[in-house]
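Scroll down for the structure; my scribbles are underneath it.
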Amino acid sequence: MRGLDEVRARIAKAVAASGRDPASVRLVAVSKTKPVSAIREAYAAGQRDFGENYAQELDEKAKELADLPDLRWHFIGHLQSNKAKLVAPVAHLVHAVDSPSLASALARRAPHRLRVLVEVNVAGEAEKHGAAPADVGALLDAIEKESNLELAGLMTMPPHDLDAAKRAFEDLVKLRDRYVGAARLPELSMGMSDDLEIAIACGATLVRVGTAIFGAREYPA
């Protein structure tokens, strides 16, 4: 699978340039709007982590691909509390918890201890979701009070401008350091098709790549 091979090569080069352990960065193949055949192709090429943005789509794909037991689903989109029932039973990791109410909804619906990340709107962009940096501490505490959730780290959606994206990644790392650091928040989900090298240099442990693997997005009619 050419796109997947190219992204893997980019990640390997960025990891080497940063002097990091190759095992410290995991690729999440963003398969939203893509057919299950594309996921099966990537799976056959060794990819195991897949990201979805829409709860209903994740639910449907998880059922269609239930024969692939070691496939790991990541929910990376904005999630309304009333859709937690679709995500919590199948997700390996939820990247975009941005409120105590959503954390509570996921905890109630999860049949197992569910790993979650706190989404932070580091750059304060009005059009994007995520907790404000000032609210992160209270949200971390709220998640840790939920016995059915495991706090795993932080996530951000950076600005499109690469310089601004770098600042956002650096600010997310500083925010993690403010709240005990990697011991409490081991995962940093940041970096996509256009900026994954910058994100890895800044310390990303999860990069979310769709277009560079699967091609342009396909939206439902």
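Our summary gives the chain a relative contact order of 22 percent, counting only alpha carbon pairs under 8 angstrom and 6 or more residues apart.
Taking amide H as placed 1.01 Å from N in the peptide plane, L149 has its amide H under 5 Å from the amide H of L114, each at least 5 places away in sequence or on another chain. Exposure proxy for M157, M1: other Cβ atoms within 10 Å of each Cβ, ordered fewest to most, give M1, M157. With unit charges on the beta carbons (Lys and Arg positive, Asp and Glu negative) and the dipole taken about the Cα centre of region 1-95, which residue among V87, T33, I11 sits farthest to the positive side? It is I11.
Structural descriptor for region 97-210: relative contact order 22 percent, calculated from alpha carbon pairs under 8 angstrom and at least 6 residues apart. Along the charge dipole of region 164-221, Cβ charges K/R +1 and D/E -1, which of V209, F169, G181 sits furthest on the positive end? Checked the options; the winner is G181.
Using a simple charge model, +1 on the beta-carbon of Lys and Arg, -1 on the beta-carbon of Asp and Glu, nothing else, what dipole does the chain show about its Cα centre, in debye to the nearest 20? Intermediate results must be reported in sequence, preceding the final value.
Values: 29 positive and 31 negative charges, 85 e Å.
Magnitude of the dipole: close to 420 debye.
All C-alpha to C-alpha distances of region 1-124, sorted into 10 Å bins beginning at zero, yield P(r) values of 12, 40, 33, 15, 0 percent in whole numbers. Sorted ascending by nearby beta carbons within 10 Å, beginning with the fewest, H129, H95, H160, H78 become H160, H129, H78, H95. By other beta-carbon atoms within 10 Å, ranking I213, I39, I76 with the fewest at the front produces I39, I213, I76.
Take the residue pairs K32/K83; K13/K128; K13/K34; K34/K63; K32/K61; K63/K145 and return only those whose Cα atoms are more than 19 Å apart. Table pairs above 19 Å Cα-Cα are K13/K128; K13/K34; K63/K145. Here the ratio of the Cα radius of gyration of the chain to 2.2 N^0.38 Å is 0.96.
For the pair region 80-143 and region 47-64, the centres of their Cα atoms are 17 angstrom apart.
None of the figures in this text is laboratory data; all of them are computed from the coordinates on show. What you see is a predicted model, and the numbers here were worked out from it, not measured in a lab. When we count neighbours, we look across all protein chains shown, and the Cβ atoms used for this are built from the backbone with ideal geometry, even at glycine.
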